[in-house]
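The values are calculated or read from the model by the stated rules, or taken from the named source; none is laboratory data. None of the values given here were measured: they were computed from a predicted structure. Every residue, glycine among them, receives a Cβ derived from its backbone with ideal geometry; neighbour counts consider all protein chains shown.
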Ligand SMILES: NC(=O)c1ccc[n+]([C@@H]2O[C@H](COP(=O)([O-])OP(=O)(O)OC[C@H]3O[C@@H](n4cnc5c(N)ncnc54)[C@H](OP(=O)(O)O)[C@@H]3O)[C@@H](O)[C@H]2O)c1
């Protein structure tokens, strides 16, 4: 099969497009013919070698942990999936990824893809969708009537988080540059904040929940916006428990996990018209390096997706 892998850590130039042996599924696993693979920031963090201590990869490694495709072979003991099923998945980031014509994935990491969208759009959903879900609902327990502030709201996670938060009946404040405000309003944002026009903390708050997708200075400036007893949930930098306590608020760091049940919930929402996947750019698999260069600029609107089939 054709795949994009790395033999060493470094810049986009270490991505190699080449022939590789096709993997075989073991018990409880399926082989998926990948139709489209989403590009996420974790891909270039792994490529640069920043996550070696956490993920213990061995090289060569196929990157990419977001995909939509079709089940090709079903391993022994797999009960829910059949050959030919259209599926989407956020596989285990410690194993080979989806920048390839085929990938082996555990059954527990796969759900039937939304029927109403194509593979390219379905590949934009799993990783960012699960991150948003697990941060907002499993961790912050966001509910109706609460106010949530979402940073980088026009990014892959943010665009899905805005829609999911709105669906629960929360008051949604979306922070982005002005060019994305119309899109964010259409997706359900009640308030939009232009982070380039003024410091966000001077024009908004107080809120029950902050979803931090930027870390660093943005995280540091967010504490004062949170109501007593509220929570800051970060997907990037583990927040300080001491700082949280000094503000009378809670904190959490979320490392999102594969979850077939939650993927199925996301698919249901898409097919019911309540959740839209936003694709910013589509590239062929052999152009993965270009996808990384664009993504790493940090100003993507929607997902960069590699079309494999
Ligand atoms: N822990 C986990 O499980 C997990 C899961 C998924 C993602 N993440 C992490 O979450 C982060 C976001 O991921 P993503 O996929 O959403 O990234 P992304 O799609 O690349 O985010 C790009 C967006 O960030 C916006 N942005 C950049 N600087 C901003 C600022 N100062 N204020 C407001 N918006 C700003 C950009 O808007 P402008 O163009 O307007 O600047 C752009 O819309 C990454 O670090 C990723 O690794 C973690």
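Please work out if residue 209 is crowded, with 16+ Cβ neighbours inside 10 Å, near the ligand (Cβ under 9 Å from one of its atoms) and at negative phi. Considered against the rule, which asks whether it is crowded, with 16+ Cβ neighbours inside 10 Å, near the ligand (Cβ under 9 Å from one of its atoms) and at negative phi, residue 209 comes out as no. Take residue 283 and decide whether it is in contact with a strand residue (DSSP E or B) (Cβ under 9 Å, 6 or more places away or on another chain), outside any loop (DSSP other than H, G, I, E, B), surrounded by fewer than 22 Cβ atoms within 10 Å (Cβ to Cβ) and outside the structural domain of residue 170 (by TED's automatic domain parsing). Taking the combined requirement at face value, the residue satisfies it.
Please find, among 67, 112, the residue that is under 19 Å from the mean Cα position of the chain (by Cα), modelled with pLDDT of 95 or more and more than 16 Å from the ligand (Cβ to nearest atom). Among 67, 112, only 112 is under 19 Å from the mean Cα position of the chain (by Cα), modelled with pLDDT of 95 or more and more than 16 Å from the ligand (Cβ to nearest atom).
One residue alone among 4, 30, 83, 78 is touching a helix residue (DSSP H, G or I) at 6+ places or on another chain (Cβ under 7 Å) and assigned to a loop (DSSP other than H, G, I, E, B), and that residue is 78. Confirm whether residue 270 is more than 16 Å from the ligand (Cβ to nearest atom) and not in a helix (DSSP H, G or I). Against the criterion (more than 16 Å from the ligand (Cβ to nearest atom) and not in a helix (DSSP H, G or I)), residue 270 does not qualify.
So that you can scan it fast, the table gives a plain yes or no per residue for (1) touching a residue at least 24 places away in the same chain (Cβ under 8 Å); (2) touching a strand residue (DSSP E or B) at 6+ places or on another chain (Cβ under 7 Å):
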| position | (1), (2) |
| --- | --- |
| 139 | yes, yes |
| 153 | yes, yes |
| 163 | yes, no |
| 185 | no, yes |
| 188 | yes, yes |
| 219 | no, yes |
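Residues in segment 236-273 that are in contact with a strand residue (DSSP E or B) (Cβ under 7 Å, 6 or more places away or on another chain) and closer than 17 Å to residue 130 by Cα: 236, 252, 253, 254, 260, 263, 264, 267. Is it fair to say residue 131 is within 15 Å of the ligand (Cβ to nearest atom) and either part of a strand (DSSP E or B) or crowded, with 23+ Cβ neighbours inside 10 Å (or both)? Yes, satisfied.
Of all residues being within 11 Å of the ligand (Cβ to nearest atom) and surrounded by fewer than 22 Cβ atoms within 10 Å (Cβ to Cβ) in segment 228-251, which is nearest to residue 105 (Cα to Cα)? Just the residue, please.
Step one: list which residues in segment 228-251 are within 11 Å of the ligand (Cβ to nearest atom), which gives 233-238.
Applying the additional criterion that residues be surrounded by fewer than 22 Cβ atoms within 10 Å (Cβ to Cβ) yields 236-238.
Values: 236: 25, 237: 28, 238: 29 Å.
Of everything passing the filter in segment 228-251, 236 is nearest to residue 105 (Cα to Cα).
Looking at this structure, is residue 104 in the same structural domain as residue 46 (by TED's automatic domain parsing), more than 11 Å from the ligand (Cβ to nearest atom), surrounded by fewer than 22 Cβ atoms within 10 Å (Cβ to Cβ) and in a strand (DSSP E or B)? Against the criterion (in the same structural domain as residue 46 (by TED's automatic domain parsing), more than 11 Å from the ligand (Cβ to nearest atom), surrounded by fewer than 22 Cβ atoms within 10 Å (Cβ to Cβ) and in a strand (DSSP E or B)), residue 104 qualifies.
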